[in-house]
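Accompanying notes for the structure given below.
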Amino acid sequence: MTHLCEETPVTVVNGQLPGPAIEVTEGDSVAVHVINKSPYNMTIHWHGVKQRMNCWADGVPMVTQCPIRPNHSFTYRFSVAGQEGTLWWHAHVSCLRGSVHGALIIRPRHGASSYPFPKPHKEVPLVIGEWWQTDLGQIDKSLAVGFFGFNPSSATLNGKLGDLNNCSSGGVTEEGYVLEVEAGKTYLLRLINAALISEYYLKIAGHRFTVVAADANYVKPYATDVIAIAPGETVDALLVADAAPGRSYYVRGGSLESIIVATMNNASFQLPAAAAKTILEAHYDHTHNHTAAGELYTPLPERPPWPFNFTDRAFIPIGPVEAPLEPTRKATTGRRFRYGDAVEVVFQNTAVMQSDYNPMHLHGHDMFVLAQGRGNFDAARDAARFNLVDPPVRNTVLVPSLGWAVVRFVADNPG
């Protein structure tokens with residue numbers, strides 16, 4: 001594909017970026033035939049599908065299946081009983097999910113009239129992604145030496161880069177995604193963050209959202225002017241086209257600042273103001289977990305749990321890039337639970353020098369997100385912050401940079 005004045009090899013499904021949306025009805029049995037014509041091993045993960053008693057269709061290479069070799073095929077068969085909402089599918093090998101992905105929409109069995117919110121005039125899938133001017137199949141090779149030196153070149157919306165990416169002196173621009181709306185109508189935006197590393201903060205000039213679902217779980221509707229969405233997450237939000245008609249209303253993306261377009265005409269345009277909330281506040285709002293008050297930064301212990309030699313030549317700009325110390329292994333570690341056990345997990349996101357916000361996805365289950373915070377988790381202090389009344393239910397939880405998240409789930413899906 002050619003974007004930003006450069007041709008880049010891209011692995012896609014059926015010649016599309018994003019790949020084809022799969023739309024089904026709650027209770028359906030689904031069969032998807034995958035023919036691998038790429039030069040890479042391949043599996044497809046159905047992100048958020050619980051795969052009850054059917055983990056063999058989950059698409060995790062060397063765990064639930066052998067990869068689909070080049071020029072071979074595999075048929076995934078699974079049920080979507082008991083689930084409805086916005087999910088997605090993606091490659092689960094290397095970094096290929098950055099281009100091998102698409103929407104998976106599960107509609108209510110009794111139609112849109114059964115939504116627990118006003119029936120929208122139209123439903124619009126919006127797949128947010130990244131454009132990489134490199135071969136995604138080769139990126140993870142750099143991780144073998146403990147160094148990741150890549151960054152995406154642009155943000156995308158439904159595969160389009162936006163018209164402010166001027167990559168040449170001749171003023172070459174690309175057409176952005178355009179959403180035509182009717183004044184006064186309500187639209188259900190099915191947002192999917194299919195990016196590899198970028199979290200996004202979405203804001204449409206002159207409009208507000210009403211968030212009604214996340215990760216295919218309905219939430220208490222709440223209004224907001226900015227939506228934070230991490231890689232792997234989905235958000236369903238109602239948008240009422242109630243601003244002045246005949247204008248273009250741009251979307252501000254808070255990560256890479258690439259323009260993603262929604263318009264009502266091309267007569268004029270209005271840019272959204274910068275988000276009124278801080279990034280941290282947006283994180284807590286988007287999980288509908290208002291427990292951010294209080295101490296946000298806690299001191300590190302006086303002594304580290306264990307000392308080690310941080311002599312990492314990956315930080316040396318000249319010479320071979322190598323990491324003598326490998327703090328993590330590319331391997332699986334199994335934990336056994338009894339059927340029906342309630343399991344609590346504390347995700348602690350710390351690093352020696354810096355860390356990013358890190359989404360954690362649980363296969364086969366949804367999680368109750370009890371709390372999130374900055375600094376080191378302290379059970380004696382932070383347990384009082386747990387939301388045990390109406391915690392958000394997600395399949396992907398965002399662990400704050402240099403912070404923590406606590407989740408619980410019921411181990412009721414053997415596999």
Is it fair to say Leu126 is modelled with pLDDT of 70 or more and in contact with a strand residue (DSSP E or B) (Cβ under 8 Å, 6 or more places away or on another chain)? yes
What number of residues within the stretch 94-108 satisfy the criterion of being farther than 25 Å from Asp28 by Cα and among the aliphatic types (A, V, I, L, M)? 1
In the list Arg394, Arg381, which residue meets the criterion of being out of contact with any strand residue (DSSP E or B) (no Cβ under 7 Å at 6 or more places or on another chain) and at pLDDT 90 or above? Arg381
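Residue-by-condition table, conditions (1) assigned by TED's automatic domain parsing to the domain that holds Thr210; (2) within 20 Å of Asn14 (Cα to Cα); (3) among the hydroxyl-bearing types (Ser, Thr, Tyr):
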position	(1), (2), (3)
Tyr40	no, yes, yes
Val60	no, no, no
Phe78	no, no, no
Glu84	no, no, no
Lys122	no, no, no
Glu130	no, yes, no
Within the stretch 372-415, can you find the residues that are within 18 Å of the chain's Cα centre (by Cα), buried (at least 21 other Cβ atoms within 10 Å of the Cβ) and outside any strand (DSSP E or B)? Pro392, Asn395, Pro400
Among the residues that make up the stretch 217-225, is at least one of them surrounded by fewer than 20 Cβ atoms within 10 Å (Cβ to Cβ) and farther than 20 Å from Val393 by Cα? yes
Answer residue from the stretch 19-36, given it is of a type in the set (Val, Ile, Thr) and in contact (Cβ under 8 Å) with a residue 60 or more places away in the chain and is farthest from Leu104 (Cα to Cα) among those: Thr25
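The values are calculated or read from the model by the stated rules, or taken from the named source; none is laboratory data. Here the structure is a predicted model, which means the values were calculated and not measured. All Cβ positions, even for glycine, are placed from backbone atoms using ideal geometry, and neighbour counts span all protein chains on display.
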